[in-house]
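The structure appears right after this line, and notes come after that.
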Amino acid sequence: MTRDAFLALLVGAVVGGGLLLLVVAVRGTTVKPPKERGSSLSAMASNDNLVKLGLALAVGMLTLIATRWVVAAVAGALMMYFFGPSLRPRSGVGDLARIEALASWCESLRDTIAGAVGLEQAIPSSLTAAGPAIQGPLGLLVDRLRTRQPLPDALARFADDLDDPSADLVIAALILNARLRGPGLRDLLGALSTSAREELDMRRRVEAARRSTKRSVRIVVAVSLFTSLAITVLNRDFVREYDTAFGQVVLAVVMLIYAAGFLWLRRLATFSSTGRFLLGTKPAEQVSVG
């Protein structure tokens, strides 16, 4: 790519970005009112996509400025958009806190039921001692019980609010006990608490292994990209052949090989989590005809 063509491309990108910002500034942005949880999750996903798109464009522009290769700029933007978020540090602290809060909640219910109190009365009493990770959904459960909603249905909605496979095990046992009204609820809650504690310990070990694997993948990717960029910037004569049209084709092949390697590394750093099994238990909405 010649110097004049590169400058023309850079000026066009800057002018286009400036016009886009001008349109946004003139029209303004609309703040939407908060909606239900599903809508808020969709809004969060949309915001994440915008952030990824902005970062991808920034990486592509910086790559174009540093290398003056359109193929490298496009490849850098695409890699940032598709592979960047998967290599970002992500901890399961929220999941671990929810499991720990569930274990403590089971222990609180067990101790409350020891005073000859039923499960319907023990759940509202456990709200004040519940952990922050489950306090919001637990408050909704208490509100449903106060409106005379059947306990199994309220517990099913509680499972949907938590949306956690570990919580399904605890809540499924409580739903069975609420429907059968059998004895041994204290022993059941104690066993559930012990099971949650054991899972918490296992999940902590698994999260530590995941962080180690992802850290190794990030190091490999960072070293590969830094080495390629350093050779391109510091030793321009070594990569001058890529300035030609045929060189750009060869560079595209090289970028595809890089992409295949990054995809393989991402699969090594990706761990599939178990799905929920307490599905389809949400009761149908009550429709009143006036």
Among the residues of the range 92-133, which ones are touching a residue at least 12 places away in the same chain (Cβ under 8 Å), of a type in the set (S, T, N, Q) and farther than 30 Å from R211 by Cα?
S108, T112, S125, S126
When restricted to S195, S212, S216, the only residue part of a helix (DSSP H, G or I), under 16 Å from S108 (Cα atoms), in the same structural domain as A101 (by TED's automatic domain parsing) and polar (S, T, N, Q) is S195
Which one of these is closer than 30 Å to A156 by Cβ, among the basic types (K, R), at pLDDT below 85 and in contact with a helix residue (DSSP H, G or I) (Cβ under 9 Å, 6 or more places away or on another chain): R218, R203, R240?
R203
So G131 ticks every box in (1) under 13 Å from A178 (Cβ atoms); (2) surrounded by 13 or more Cβ atoms within 10 Å (Cβ to Cβ) but one. Which box is left unticked?
(1)
So G275 passes all but one of these: (1) within 30 Å of W105 (Cβ to Cβ); (2) assigned to a helix (DSSP H, G or I). Which condition number does it fail?
(2)
What residue, among those in the range 250-260 that are touching a residue at least 24 places away in the same chain (Cβ under 8 Å) and either loosely packed, with under 15 Cβ neighbours inside 10 Å or of a type outside the set (S, T, Y) (or both), is nearest to T213 (Cα to Cα)?
A259
Out of all the residues in the range 170-212, which are β-branched (V, I, T) and over 25 Å from G118 (Cβ atoms)?
V206
For the list (1) surrounded by 13 or more Cβ atoms within 10 Å (Cβ to Cβ); (2) assigned to a helix (DSSP H, G or I), I need the number of the one condition that M202 fails.
(1)
Are any of the residues in the range 135-147 crowded, with 16+ Cβ neighbours inside 10 Å, closer than 24 Å to D187 by Cβ, assigned by TED's automatic domain parsing to the domain that holds R203 and of a type in the set (V, I, T)?
no
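The values are calculated or read from the model by the stated rules, or taken from the named source; none is laboratory data. Since we're looking at a predicted model, the values are computed, not measured. Note that we place each Cβ from the backbone using ideal geometry, even for glycine, and neighbour counts take in every protein chain shown.
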